[in-house]
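Data block below; observations after.
The values are calculated or read from the model by the stated rules, or taken from the named source; none is laboratory data. Predicted model, so just to flag it, every value in this text is computed and none were measured. In this analysis, Cβ positions are derived from the backbone assuming ideal geometry, glycine residues included, and neighbour counts consider all displayed protein chains.
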Amino acid sequence: MIAEVIVNSNVKSLNKVFDYNIPQDLEDKVAIGSIVLIPFGRNKKLEEGFVTNIKESTSFEVKDIAGVEKASLTEEKIALSKWMAKKYFSNIAECMKLMLKPGTTSKNFANRISEKQATFAKINISKEELSKYIADKKIKSEKQIAILNFLMSNESAQVTEIIEKTDTSRAIIKTLEKNGLVSLYKDQIQRNPLVNKNIVKTNNLKFTEEQENAYKKVLNSINNDEYKEFLLYGVTGSGKTEVYLQLIEEVLNKGKSAIVLVPEISLTPQMINRFISRFGKEIISVLHSKLSVGERHDSWEKIENGEARIIIGARSAIFAPAKDLGIIIIDEEHDSSYKSEMSPRYNAKEVASQIAKYNNIPVLLGSATPDISTFYKTEIKEIEVLKLTKRANNSNMPNIKIVDLRKELANGNRSMISMELYKKILENLKNKKQTILFLNRRGFSTFIMCRDCGFVAKCPNCNISLTYHKKEEKLKCHYCGHEEKLINICPECGSKKIRHFGTGTQKLELEINKIFPKATTIRMDIDTVTKKNSHEEILRKFNEEGIDILIGTQMIVKGHHFPNVTLVGVVSADGSLNIDDYRASERTFDLLVQVAGRAGRENMQGNVIIQTYNPENYSIEYAKKQNYEDFYNIEIKLRRQLRYPPFCDIIMLGISGEQEKNVCDISNKLYDKLESQIKQNAIQANILKPLPAPIDKIKNRFRWRIIIKTNLNDKLIDIINNCLYDDEITKSNVRVIADTNPTNML
């Protein structure tokens, strides 16, 4: 018997099947979906492969399969991998890896995690000592530095987790131990992230008429084993989660499972708490990137064994091996994080639809501000819309006021806080109510500049300005992680007139502490959630310890329910308006409506202050009115006129490399091949000539791009894939990626 095997590799030239003989002693073990060990090429080391087909014979001279792994893939997952690989221009093996139990591939053999006792590492030096070692070049290895920085943020961590998060190896950790920089020790591990959660049980709440109608429509599809997509379009606080809970209860009563996707890890704790209080923690599994490899491994096993029938997690939880799936729910469906920016560049909503079709089950999308393309699909009847127009507990929508920052400047107020927002915060503090301040930029200052010669401190690896972080007194690159000391003298002209421009959450926190010295504050952004469970701890503190003011980026915007929050201040609504992206207005509207929805969710009046230099912008005007449909009507007209999604697909081909000339040459060759093929096949497409990307250098790699606007079909997908896998492209020293409807156009 012959097995068709795909090698576990992301090398483009290996994205095809290779025939291998199945030895007699393995015939009972090798099946479609098996993970096998194979000799490949001249390598002495065995490679891992996936069996995609078994046949009687082959015309090639073949080698024997050397071994079989316990883990395997179902035929459904193999079919899904092939569909994803074609649609998202990636290797089949890359897609298959998403569907494997964490920590079980042969590349992790040395790091098996089935034991409940594990090896941990802890750092032996201070942050100052580490900085000195790096500056003095006593530590030169980037991988060693990556491990030490990871441990510096997490105090100690399991060795398998360090290896996965830093893309390093056990040997490098052992070298650090030998040099006295880290210590290794064994410890017992409890790998259930829900083990310490003790939450009071709750019962079903009485539905409003709108909730009841939505519930019955989806339940009808569940009862009829029918694939159908629904959009639960409800204002913030309208009780979408209660509809989810009661639908899942029906699915469980039928002996089936449910997958619930949330966009941000910061949303997961609150969602999990709601679900545990209704269903208990025994049948719930959690999957997201902040869990250790061991925790994800055990959660996956629990799902595989049928113990966990409710799976809650971020994007990749859609691949969980749920038994008898009954419904897929995607909360905050408008969120861009459902689209992967790493290969394979899949859209979790599209993958969910494929899985739902295979299982004949409904997909329920939920949002107060639906994705423009999703809402358009409700108009053309591809998705059924279910509306919730009122808040579930009869609380009022918040009062929203726009403050024109131009007038504040004219009146001499150069503070980040307008007089109106100052008064409202003061009032809230007196009334013992909580406030949320939203600013979608972390750090202290956006950039630093010399006022004499115009020098701007930039990252040496990326063509982008460095951000000042006051706490560490450092300049940091938010793209590659490069750090350097703060400069006080201009390296170009020697001037001392170095000034900080722009604002971030660190600067806002400092200013709030000066203006309101007696107020307690807490900050939530990427810099404060580096440690495990830190996002959950920040939310718990704000909710339970009565902290006066929560300051944060978009992490604090979506889905959270804080009963005592009556004021939300948007410090600057303009940041997301000024990005080079056709969705800038949509993202601004979404953020403003979502953050406004955190105010007054109980029976207390909420107030929202939106500060902006662009009060006339339609996205800000309609956010003030909380009027999604009027905003949608303007936005969809603009998209139709300019032929942007949903009226076309945008395929962005990214070409990057260390030599700009090579990148330029390959970009032009790729463009010529694509243009020629598109013309030959009479495909209606607008292909733009290659140009440098808006950020033309990241991590010392020059970046160009080619953009195609078209209605994507199978023929064009084949053309793009053929060009990507052309020898002239794959054997060059550049990296080429293709991304359909990317979330980041930079």
* **Residues that are farther than 26 Å from Lys101 by Cα and of a type in the set (Lys, Arg), drawn from region 134-178** => Lys137, Lys138, Lys140, Lys174, Lys178
* Out of region 371-380, which residues are out of contact with any Pro (no Cβ under 8 Å at 6 or more places or on another chain) and farther than 25 Å from Leu325 by Cα? -> Asp371, Phe375, Glu379, Ile380
* To do: Taking Lys689 as meeting all but one of (1) part of a strand (DSSP E or B); (2) within 21 Å of Asn463 (Cβ to Cβ), write down the number of the exception.
  => (1)
* Asked: Do we have any residue at all in region 560-567 that's in contact (Cβ under 8 Å) with a residue 24 or more places away in the chain and closer than 20 Å to Ser336 by Cβ?
  -> yes
* Asked: Residues of region 301-316 being over 18 Å from Ile276 (Cα atoms) and either surrounded by fewer than 24 Cβ atoms within 10 Å (Cβ to Cβ) or in contact with a Gly (Cβ under 7 Å, 6 or more places away or on another chain) (or both), which ones?
  -> Glu301, Glu304, Asn305, Ser316
* Condition broken by Asn713, with the remaining ones in (1) touching a helix residue (DSSP H, G or I) at 6+ places or on another chain (Cβ under 9 Å); (2) closer than 22 Å to Leu642 by Cβ satisfied -> (1)
* To do: May I ask you to list the residues in region 536-556 that are under 15 Å from Pro263 (Cβ atoms) and either at pLDDT below 85 or surrounded by fewer than 18 Cβ atoms within 10 Å (Cβ to Cβ) (or both)?
  => Gln554, Met555, Ile556
* **Sole residue being within 30 Å of Leu205 (Cα to Cα) and buried (at least 20 other Cβ atoms within 10 Å of the Cβ), chosen from Ile400, Ile417, Ile425** => Ile400
* To do: May I ask you to list pairs of residues, at least six apart or on different chains, whose Cβ atoms are under 7 Å apart, with the first in region 472-492 being within 20 Å of Lys132 (Cβ to Cβ) and the second being assigned to a loop (DSSP other than H, G, I, E, B) and among the aliphatic types (A, V, I, L, M)?
  => Glu473/Leu486; Lys474/Leu486; Leu475/Ala457; Leu475/Leu466; Leu475/Leu486; Lys476/Leu466; Ile487/Ala457
* **Of residues in region 47-75 being crowded, with 16+ Cβ neighbours inside 10 Å and in contact with a Gly (Cβ under 7 Å, 6 or more places away or on another chain), the one nearest to Phe319 (Cα to Cα)** => Leu73
* Candidates Cys462, Cys453, filtered to the one that is touching a strand residue (DSSP E or B) at 6+ places or on another chain (Cβ under 7 Å) and in a loop (DSSP other than H, G, I, E, B) -> Cys462
* Asked: Which condition does Leu475 not pass, out of (1) assigned to a loop (DSSP other than H, G, I, E, B); (2) in contact with a Lys or Arg (Cβ under 8 Å, 6 or more places away or on another chain); (3) surrounded by 20 or more Cβ atoms within 10 Å (Cβ to Cβ), if it passes all the others?
  -> (1)
* Checklist (1) farther than 28 Å from Trp300 by Cα; (2) touching a residue at least 12 places away in the same chain (Cβ under 8 Å) applied to Ile78, failing item -> (1)
* Among the numbered conditions (1) touching a strand residue (DSSP E or B) at 6+ places or on another chain (Cβ under 8 Å); (2) under 21 Å from Thr378 (Cα atoms), tell me where Gly657 comes up short. => (2)
* To do: Identify all residues within region 368-403 that are of a type in the set (S, T, N, Q) and over 21 Å from Arg639 (Cα atoms); write none if there are none.
  => Thr389, Asn393, Asn394, Ser395, Asn396, Asn399
* Somewhere in region 432-443, is a residue in contact with a Leu (Cβ under 8 Å, 6 or more places away or on another chain), assigned by TED's automatic domain parsing to the domain that holds Asp590 and part of a helix (DSSP H, G or I)? -> no
* Condition test on Arg296, is it surrounded by 23 or more Cβ atoms within 10 Å (Cβ to Cβ) and in contact with a Pro (Cβ under 8 Å, 6 or more places away or on another chain)? -> yes
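Report whether or not Asn662 is without any contact (Cβ under 8 Å) to a residue 24 or more places away in the chain and among the polar types (S, T, N, Q).
no
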* Those residues of region 213-241 which are charged (D, E, K, R) and farther than 21 Å from Ala596 by Cβ, in sequence order -> Lys216, Lys217, Asp225, Glu226, Lys228, Glu229
* Please report, ordered by residue number, the helices (runs of 4 or more DSSP H) entirely within region 557-649 with at least 3 residues that are closer than 22 Å to Asp331 by Cβ and either in contact with a strand residue (DSSP E or B) (Cβ under 9 Å, 6 or more places away or on another chain) or modelled with pLDDT under 90 (or both). => 584-596
* **Set Leu712, Leu670, Leu746: member being at pLDDT below 90 and either outside the structural domain of Glu586 (by TED's automatic domain parsing) or assigned to a loop (DSSP other than H, G, I, E, B) (or both)** => Leu746
